[in-house]
Amino acid sequence: MPVVIEVPAANVAPEHRLAFKPADPAWDHAVVSGEVDFINIAPIAVEGTDDDTLTEYEIHLIVGPWWRDVKVCVPLVTIAGHLNTDSDEDDQQMWIVRDLKWTTDGEGAPNPGEVRIRLEFKVGLQGEHSWLRQLSYYLTAAGRQLGKGGIKEPGPIKTGP
């Protein structure tokens, strides 16, 4: 059974976000991308234990704006930073992201009934002295309506280049 890690909001960098709504009666749509820091802000130990075993962690990450209702989400998660301090010709190394799914989470909602997208996935690391440093995520979502604060809540978000 993998160790479960709930990523604190402080470890999530400001997101890039875009909202659009085609002509009525279409749903609201959002595109979101962001990064999670596992080392520099508040270290979270996601590491390989040895060269022969894949060590798995289940990671839960709440992302994007508040929604009144999310109908569909198409997420992607990838490792954007990996460190190994003891690699040579006889050391085995591997990393994997798998079992990605999404759900919604209303914890901390500023308005009744609002939810955010919760990504749940497993990360596996193999290799002694191997650490996950950073994850990147991207998603497109659609639903009946964004939350009261629109695409900008909760912040901070990146609004330009």
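Taking all protein chains in place and a 1.4 Å probe, what share, in percent, of the accessible surface of region 1-90 do carbon and sulfur account for? Ligands and nucleic acids excluded, carbon and sulfur give 57 percent. Report the calculated FRET efficiency for ALA26 and ARG133 (r = Cβ-Cβ distance, R0 = 45 Å), to the nearest 0.05. It comes to 0.70. The relative contact order of region 19-125, computed from alpha carbon pairs under 8 Å that lie at least 6 residues apart in sequence, is 33 percent. Per residue, the accessible area of region 1-153 comes to 52 Å², computed with a 1.4 Å probe over protein heavy atoms only. Taking LYS148 as the anchor, which aspartates and glutamates have their alpha carbon closer than 14 Å to its alpha carbon, excluding any fewer than eight residues away along the same chain? Here the aspartates and glutamates satisfying the reach criterion relative to LYS148 are ASP28, ASP69, GLU114. Once the chain from VAL3 to GLU58 is taken as fully extended at 0.36 nm per residue, the excess over their C-alpha distance is 19.2 nm. Sites listed here are GluC sites (Glu not before Pro) in region 104-135 whose DSSP assignment is loop and whose Cβ has at most 12 other Cβ atoms within 10 Å: GLU107.
Within the assembled protein chains, the solvent-accessible surface assigned to GLU153 is about 90 Å², based on a 1.4 Å probe.
The values are calculated or read from the model by the stated rules, or taken from the named source; none is laboratory data. Everything quoted here is computed from the prediction, not taken from an experiment. With ideal geometry, Cβ positions are generated from the backbone for all residues, glycine too; neighbour counts draw on all protein chains shown. When the accessible area is computed, the model is the full protein with side chains, heavy atoms only, and any ligands, DNA or RNA have been set aside. Shrake-Rupley method; radii C 1.70, N 1.55, O 1.52, S 1.80 Å.
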